[in-house]
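Novice: My structure is below; once you've seen it, I'll send some questions.
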Amino acid sequence: MNANSSSVGQLLLQGPVCIGWKQDLEGAVYHLANCFLLLGFMGGSGVYGCFYLFGFLGTGSLCYVLWGWFDACGLDIVLWSFLLATACLLQLAHLVYRLHEDALPEEFDLLYRTLCLPLQVPLQAYKQIVHCCEEQVLTLATEQTYAVEGETPINRLSLLLSGRVRVSQDGQFLHYIFPYQFMDSPEWESLRPSEEGVFQVTLTAETACSYISWPRKSLYLLLAKERYISRLFSALLGYDISEKLYGLNDKLFAKFGLRFDIRLPSLYHVLGPAAPDPGLESTEEEDVHEAAGSPPRATPTDVLQTPPCSPLPAATHPPAPASRARMSRPDSGVLGEDSSSLVLEDFEEVSGSESLMDYRSDGEYMR
């Protein structure tokens, strides 16, 4: 061990073993090759950093091949430099292949940057989502229907890429669907995987539209297999449905500027089915009872406002409670009326129940 260390020390102290140094410098090709190598080793990481690295290393190795062939005249220099240049070129070819394989169509690339990239969704997970819809972009012409109320089965989930879709029910406009919103998220969430159903609204394209669609069974299999993608869709669908609900909520307003929450119980009378005029019904009932000589039957107002009394005899059957339904609007057939025309007169009071109109705000009503 000591002998080896002493021999190494002697070699370092005695200087180089070369008999003589060359006086002439190497050619320009040799120095150019070293410059390319220096630039190549300054490359960064990532795909484009690898492009930079192997590009300059390969060019420097080719310059070494030329220098060994024309100036140094050494076969070993030529062979090793050629091997290094070939390895760099193969690495560049592999990077080009990976980039081409990872490339997405323009529509899906824009969808990823708009919807998924802000949520930091991995590209590999996004590719699984795209593969589930078979990378197909479907189109709708102007006034072409995507779904018909009561007829079209719920067998897919679609996302609008461009255009505008009109949602209506019984010929009455509800709201619009804009790009990068789901077209049938409420219908998707309303059914379990084993259930079947049909659309309760009609979706019509107001302009030329493009969208992507996932078959129901294929998407359910993907969500059951990939937990991350399942959570992602749950968040996206929940946000989409909440946006639609709040959009409808903004359409319910009063003349004096108060906005109401569609989840309040009193708004059931606005959104519930129409019924005949309760005043006409009570008048007809009184006439019938007077003609029969029996005491008039109490109206819903009398029943709810009168304090509870002793039970009736067994032979007498109490009248069935009247259904709570709002009156039909006489002007509901006016052209152009939609859910945004629900004004103060729409909040019809039902007899014996507290109305939202008795309060100045939603908070007072809830308290």
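Novice: Which shape class applies to segment 25-158: rounded if a/c is under 1.5, otherwise prolate when a/b exceeds b/c and oblate if not, where a ≥ b ≥ c are the square roots of the Cα gyration tensor eigenvalues?
Specialist: Because a/c hits 1.5 or more and a/b exceeds b/c, segment 25-158 counts as prolate.
Novice: When all protein chains stay in place, what accessible area (Å², nearest 10, 1.4 Å probe) is found for C73?
Specialist: 100
Novice: In whole Hz, with x marking every Gly and Pro, tabulate ³J(HN,Hα) for segment 110-122 from phi via Karplus 6.51 cos²θ - 1.76 cosθ + 1.60, θ = phi - 60°.
Specialist: 5, 5, 5, 5, 8, 9, 9, 5, x, 8, 6, 6, x
The values are calculated or read from the model by the stated rules, or taken from the named source; none is laboratory data. Being a predicted model, the structure only gives us computed values, none of them experimental. Side chains included, ligands, DNA and RNA excluded: accessible areas come from the protein's heavy atoms. Shrake-Rupley method; radii C 1.70, N 1.55, O 1.52, S 1.80 Å.
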